Amino acid sequence: MKVFVTGATGYIGQRLVERLLEQGYEVNALVRSIPHSVEAVHPNLFFKTGNILDKESLERGMEGCVQVYHLAAFARPWTRNARTYFEVNVQGTLNVLEAAQLAGVKKLVYSSSCAVLGRSNGSPLTEEHVRDVNFFSDYESSKYLAECLVRNYSRMGLNSVIVSPSKVYGPGLWKESNAVSYLMQLYIEGDWHVIPGDGASLGCFCYIDDVVNGHILAMTLGRTGEKYILGGDNLRLTEFFDLLKSLSGKHHKLVRIPIWLMMLFGWKEEVRASLFGNEPLITRKWIAKYGNDLACSSDKAIKELGYKITPVREGMSATLTWLREVRNVQF
């Protein structure tokens, strides 16, 4: 069976392509340019040059494909032109949906984000949660609009499913979407000393292999028009760092920084970026998230898809081993 994957060179996308090839699929991978690395060579892997804003490249890439995984997105925390989020994440998704419908693919899985759901407010977020706070970033609002498009196409007859990963971590490419693993490395090397706010905010940490499996399970078993949260264990920031200290053996001092003070720093970074064009270290929109819980429930995916969660202790241990053996982090 031949499948088409956008975002094939991303953190999740690359691992998904590897897993699909292991399972015997032929994969048409959409890339801006064909990689020359030895690791990319596989008899069932076919690179299709283009991008999701180029409709013709999408149509060429989907020729003969039965399934489509749409993971490509603009997820950087800052850009000089906010329209980029909507051009890539909304218009790009519309292009993928139109091409999939034209190609007559049997099923499409769209990779969204739990960030679309907002804040959990005392109980873990579910797929039915109605957001009760404004979007914290243009990224979140653009992904929400893309979800609306996917649902509309489901109603028009395109067999499509939405999956929503939470905070993904684990071995893999060093990309913006692998920020949790990068944070772990910074802490181990003694370059991270901050806990935002009081450290009590909850986050949902999901291991990369679980998320990849969740995409494939959604393709196989997901119901048309439905959304499935692909999450993991819910931990407070203090619990996350306590576990990291225990498993790594590193006990660096961490300082709690009030959110208001971090917001001031974010404002200064944004001013610097506007004056000199440098990317800010962090923005106020992203800082605002740290003052809210984002606990998630994967019960629906567990029940309907057979989704399995790797305990965070196990996943963090595997990530630390990878940091040591592959990225040569000393600890």
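The values are calculated or read from the model by the stated rules, or taken from the named source; none is laboratory data. Please read these numbers as outputs of a predicted model, since none were measured by experiment. Here the Cβ is made from the backbone with ideal geometry for all residues, glycine too, and neighbour counts use every protein chain on show.
Against the criterion of being in contact with a Lys or Arg (Cβ under 7 Å, 6 or more places away or on another chain), among the hydrophobic types (A, V, I, L, M, F, W, C) and in contact (Cβ under 8 Å) with a residue 40 or more places away in the chain, Ile257 does not qualify. Within segment 170-205, the set of residues being acidic (Asp, Glu) and part of a loop (DSSP other than H, G, I, E, B) comprises Glu189, Asp191, Asp198. Of all the residues in segment 157-201, those that are over 11 Å from Arg15 (Cβ atoms), of a type outside the set (Gly, Ala, Ser) and touching a Cys at 6+ places or on another chain (Cβ under 9 Å) number 3.
Selection of first residues in segment 296-316 that are over 18 Å from Leu217 (Cβ atoms) and of second residues that are modelled with pLDDT of 95 or more and of a type in the set (D, E, K, R), restricted to Cβ pairs under 6 Å at least 6 apart or on distinct chains, gives the following pairs, ordered by first then second residue: Val312/Asp233.
As for segment 110-117, it holds at least one residue that is among the hydroxyl-bearing types (Ser, Thr, Tyr), closer than 16 Å to Phe4 by Cα and either surrounded by fewer than 15 Cβ atoms within 10 Å (Cβ to Cβ) or out of contact with any helix residue (DSSP H, G or I) (no Cβ under 6 Å at 6 or more places or on another chain) (or both). Scanning segment 179-203 for residues that are in contact with a strand residue (DSSP E or B) (Cβ under 7 Å, 6 or more places away or on another chain) and either of a type in the set (S, T, N, Q) or without any contact (Cβ under 8 Å) to a residue 60 or more places away in the chain (or both), we see that the one that is surrounded by the fewest Cβ atoms within 10 Å (Cβ to Cβ) is Ala200. Can you say whether Asn213 is farther than 30 Å from Gln67 by Cβ, buried (at least 17 other Cβ atoms within 10 Å of the Cβ) and either out of contact with any strand residue (DSSP E or B) (no Cβ under 6 Å at 6 or more places or on another chain) or in contact (Cβ under 8 Å) with a residue 60 or more places away in the chain (or both), as far as the supplied structure shows? For Asn213, the condition - farther than 30 Å from Gln67 by Cβ, buried (at least 17 other Cβ atoms within 10 Å of the Cβ) and either out of contact with any strand residue (DSSP E or B) (no Cβ under 6 Å at 6 or more places or on another chain) or in contact (Cβ under 8 Å) with a residue 60 or more places away in the chain (or both) - is not met. In the condition set (1) surrounded by 14 or more Cβ atoms within 10 Å (Cβ to Cβ); (2) at pLDDT below 95, Leu264 is compliant with all but (1).
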